[in-house]
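Enquirer: I am attaching a structure below and will ask some questions about it afterwards.
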Amino acid sequence: MSADVRPIAASELPEWLRTVNTGFLTAARVTDSDVAMRAKYNDLARTQGAFDSDTGRCVAAFRSFEQELTVPGGAAVTSTAISNVGVLPTHRRQGLLTRMMAAEFAAAGARGDALATLVAAEYPIYGRYGFGPATFLAEWEIDVPRTGLDPRLSVPADGGRIDLVDEAEVRQIGPELHERLRARTPGMIDRGERWWRMTTGLEQVSWRQYQEKFFAVYRTAEGEPAGLVTYRADDHWTDAKVPQNTVQVHNLLALTPQAERALWHFLCSIDWVLKVRTGYRAPDDLVPQLLPDPRSARIVTSADFLWVRVLDVVRALSARTYEVPGELVLEVTDASGPAAGRYRLDAGTGTCERTEAAADLRLDVSALGSLYLGDESAVRLAALGRITEERPGAVALADAVFRTARRPWCPDIF
C-alpha cells in the first residue's frame, strides 16, 4: 500500500483524531467538543497524518509541540515533544512512522530544537529513531497500619499546616509551585494552562470522564504554599463493615523535605484508609524513608518513562552543567544524521564543540540520550556494549561527569 504523509488540514482533524483514538484503543467515536479542543491546542503545521492513496483514509497519526525540559543545572531547553503517535493495525510495518519521524526531525532542525522527547508506550520502537530512556519512575504502595505513624497526629511537626482546597485555588497555587520545583528538578517539563484545566475538570475529553479529586496544600509556618497533593479514594468495605480504602495519589509537589514529609504523613492519617498508592515518583524518592518503617512501602511499579533524542549535540551538551570537571571527545553515530559527528565536551566550562581530535568514547545517539539527564551510568552502558572506550579511563570519567546526585524525574505523561 502507498500513503501520502503530510500535515493535516483543519477539515481532516476529526478523522485524524479518530485514528488516534483507534490506535490507543480508547474509542472510535469523536465528539464535536473533542474536535473543538484539539482545534484550540493542536498546531496543524505540526500535526501529521498518513493518508491511504487508494481510500484517502487517515491511517496514521503524529503530533509534536514545543516543550521546555529542565536539564541538570536548571536550564530550560526547548525540545520538540512527540505525542499521539499511532498507525492503524491495517497499515503497520509500511514505514509510515519512519516517514513521519523524518519529517519531524527536519522541521525540528529548521526550528533550532536541541532535543526531541516522548513517553514510549512500547519499549522496542523508539531506540531505532535515536531515542534513549532518560528518566525512570517508581510507584510505591504504602501499608498504612505498618508505617508506625500515629494516625491521630496529622498536623505537621514543623509548625506548618495542611489545608484542603478546591479546584479554583489549585489553579491559583499550582502553577507557581510547579514552576519553582521544575526550575531545580532535571527531567521535569512545563505545564501549560491546559494541563491545569484538565486536572481540575474545566476541560475533558469524551472518552476520559473527569473524576472529582481531593486537593490539599501544605503551608509553611509563615503561611506560604510549599506543597500540593491531588488524590482520590476508592470505596471498599469488608463483609464485616470494616473500611479498607485505598488512596491513589495523582500528583504531589513539594518544595522542601518538610513539605514532602507533611503531605505523606497527612495522606497516611486519613480515616478509613488502609493503603496509599504514591503515583509515579522518582526512583530515589524520599517517601519510604519518611515513614518510621520504610518496609511498609513496597514498590509496585518500576519502569522507564521520559525518552530523549539529542538533535543538536553542541547546544544540548552546552546547556547542562556537569558534576566534575574533565574533557571528553565523543564520537556519536546517528543513522538519521543530525547528531552524527565528533564533539569535544569540556565539563569544567560546560562547553561543547565539534572537533577532529581522536575519540575517547564512541556511542550511538540513543546512548547519549540516556546519559543526557544524568540518570544512566556510562559504566553500565559500556558493559552492555553501547559505549566503546577508546582511551583508558574515559568511561569512568564520563560516568562521573554526566551522573547527577539525585535522579531526574518527569511526573507528566504527554
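The values are calculated or read from the model by the stated rules, or taken from the named source; none is laboratory data. This one's a predicted model, so the numbers in the text were calculated from it and none came from an experiment. Note: ideal-geometry Cβ built from the backbone for every residue, glycine included; neighbour counts use all protein chains shown. Ligands, DNA and RNA are stripped out before the accessible areas are found, and what is left, the full protein with its side chains, is counted by its heavy atoms. Shrake-Rupley method; radii C 1.70, N 1.55, O 1.52, S 1.80 Å.
Enquirer: At a probe size of 1.4 Å, how large is the accessible area of L371, to the nearest 10 Å²?
Expert: So the heavy atoms of L371 present about 10 Å² to solvent.
Enquirer: Right, another one. Could you state the per residue volume, in Å³, of the convex hull enclosing the Cα atoms of the stretch 19-177?
Expert: 228 Å³
Enquirer: Report the residues of the stretch 250-283 in range of a label on D293: point 7 Å along Cα→C-beta, backbone N strictly under 16 Å from it.
Expert: Within reach of a label on D293: 268-269, 274-276.
Enquirer: On to the next question. Please report the carbon-and-sulfur percent of the accessible area for the stretch 238-350; probe 1.4 Å, protein heavy atoms only, DNA, RNA and ligands left out.
Expert: Using a 1.4 Å probe with all protein chains present, the stretch 238-350 comes out at 49 percent carbon and sulfur.
Enquirer: Go ahead and set up a Gaussian network model of the chain, Cα springs under 10 Å, then flag whichever of P89, P338, P288 fluctuates most.
Expert: In this elastic network of the chain, the residue with the biggest mean-square fluctuation among P89, P338, P288 is P89.
Enquirer: So what does the Cα-only Debye profile of the stretch 246-320 read at q = 0.13, 0.21, 0.27 Å⁻¹, as log10 I(q)/I(0), no solvent term?
Expert: -0.52, -0.98, -1.46
Enquirer: Remind me, relative contact order of the stretch 1-70 in percent, using alpha carbon pairs under 8 angstrom and six or more residues apart?
Expert: Across the stretch 1-70, relative contact order equals 40 percent.
Enquirer: Please give, to one decimal in nm, the separation of the simple spin-label points placed at S11 and R146, each 7 Å out from Cα toward the Cβ.
Expert: Inter-label distance under the simple model: 6.2 nm.
Enquirer: Give a residue-ordered list of calculated ³J(HN,Hα) values for the stretch 50-66 (Karplus: 6.51 cos²θ - 1.76 cosθ + 1.60, θ = phi - 60°; whole Hz; x for Gly, Pro).
Expert: Running phi through 6.51 cos²θ - 1.76 cosθ + 1.60 with θ = phi - 60° gives 10, 10, 4, 5, 7, 9, x, 6, 6, 10, 8, 9, 6, 9, 9, 7, 6 Hz.
Enquirer: P(r) for the stretch 62-132: what percent of alpha-carbon pairs falls in each 5 Å bin, starting at zero?
Expert: Over the stretch 62-132, the share of Cα pairs per 5 Å bin runs 3, 15, 25, 26, 17, 8, 4, 2, 1, 0 percent.
Enquirer: Separate question: Report Rg (one decimal) and Dmax (nearest whole number) for the stretch 255-414, counting Cα atoms only, units Å.
Expert: Using the Cα atoms of the stretch 255-414, the pair Rg, Dmax is 19.5, 66 Å.
Enquirer: Counting each pair of different Cα atoms once, what's the Kirkwood radius of the chain in Å, rounded to one decimal?
Expert: That comes to 23.3 Å for the chain.
Enquirer: Continuing with this model, one more query. Keeping all protein chains in place and using 1.4 angstrom, which order do I413, I387, I270 fall into by accessible surface area, from largest down?
Expert: Final ranking, largest accessible area leading: I413, I270, I387.
Enquirer: Additional query: Stretched out fully, how many nm does the piece from L274 to A121 gain, at 0.36 nm a residue minus the Cα gap?
Expert: 52.0 nm
Enquirer: Please state the relative contact order of the chain as a whole percent: Cα pairs under 8 Å, 6+ residues apart?
Expert: Relative contact order, the chain: 19 percent.
Enquirer: Quick one: which residues, 5+ away or cross-chain, put their amide H under 5 Å from the amide H of Q67? H built at 1.01 Å from N.
Expert: S79, A81
Enquirer: Using 1/(1 + (r/R0)^6) with R0 = 35 angstrom and r between the beta carbons of A396 and S302, what's the FRET efficiency to the nearest 0.05?
Expert: Given R0 = 35 Å and the Cβ-Cβ separation, E is 0.85.
Enquirer: Could you state the accessible area per residue of the stretch 223-302 in Å², with a 1.4 Å probe and every protein chain left in place?
Expert: That works out to 47 Å² per residue.
Enquirer: Could you please tell me the mean projected area of the C-alpha convex hull for the stretch 1-94, averaged over all directions and given in square nanometres to one decimal?
Expert: Average of the hull's projected areas for the stretch 1-94 equals 7.3 nm².
Enquirer: Whole Å is fine, so just give me how far the alpha carbon centre of the stretch 141-196 lies from that of the stretch 321-345.
Expert: If you average the Cα positions of each part, the centres end up 38 Å apart.
Enquirer: What per residue convex hull volume, in Å³, comes out for the stretch 336-414 when only alpha-carbon positions are used?
Expert: 132 Å³
Enquirer: Taking the Cα centroid of the stretch 1-36 and of the stretch 55-102, what is the distance between the two, rounded to the nearest whole Å?
Expert: That distance is 14 Å.
Enquirer: Return the calculated 222 nm mean residue ellipticity for the chain, to the nearest 500 deg cm²/dmol, obtained by summing -39500 (n - 2.57) across DSSP H runs with n ≥ 4 and dividing by the residue count.
Expert: It lands at -7500 deg cm²/dmol.
Enquirer: Under 5 Å between amide H atoms, partner at least 5 residues away or on a different chain: which partners does E390 have, H built in plane at 1.01 Å?
Expert: Residues meeting the amide H criterion: L361, R362.
Enquirer: Same structure again: Summarise the accessible area of the stretch 64-181 (1.4 Å probe, protein heavy atoms) by the percent that is carbon and sulfur.
Expert: Whole-percent figure for carbon plus sulfur exposure: 51.
Enquirer: Same structure, new question: Ignoring ligands, DNA and RNA, what percent of the accessible area of the stretch 360-400 is carbon or sulfur (1.4 Å)?
Expert: Here it works out to 53 percent.
Enquirer: Per-residue HN-Hα couplings for the stretch 211-226, Karplus 6.51 cos²θ - 1.76 cosθ + 1.60 at θ = phi - 60°, whole Hz, x for Gly and Pro?
Expert: Result, rounded to whole Hz: 10, 4, 10, 9, 10, 10, 10, 9, 10, 5, 4, 8, x, 8, x, 9.
Enquirer: What lysines could a cross-link reach from K213, if we take a straight Cα to Cα line under 21 Å and drop same-chain neighbours fewer than 8 places away?
Expert: K213 reaches K275.
Enquirer: Kindly report the accessible area of the stretch 96-168 per residue (heavy atoms of protein chains, probe 1.4 Å, no ligands, DNA or RNA), in Å².
Expert: Numbers: 3380 Å² over 73 residues.
Value returned for the stretch 96-168: 46 Å² of accessible area per residue.
Enquirer: Provide the net charge surrounding F136, with neighbours chosen by a C-beta distance below 10 Å and charges set as Lys +1, Arg +1, Asp -1, Glu -1. Kindly include the intermediate steps, with their values, before the conclusion.
Expert: Numbers: positive: R407; negative: D284, D304, D375, E376.
Net local charge, F136 excluded: -3.
Enquirer: Still on this structure, please answer the following. At 1.4 Å probe size, with no ligands or nucleic acids counted, give the accessible surface of V119 in Å², nearest ten.
Expert: Using a 1.4 Å probe on the heavy atoms, I get roughly 30 Å².
Enquirer: Go ahead and run the numbers for FRET between D54 and E193, Cβ-Cβ distance against an R0 of 41 Å, rounding to 0.05. Working shown, then result.
Expert: Working: r = 41 Å, r/R0 = 1.01.
Working from the Cβ atoms, E equals 0.50.
Enquirer: What is the extension gain from L384 to D32, computed as 0.36 nm multiplied by their sequence separation minus the C-alpha to C-alpha distance, in nm to one decimal?
Expert: Residue separation times 0.36 nm, minus the Cα-Cα distance, leaves 121.8 nm.
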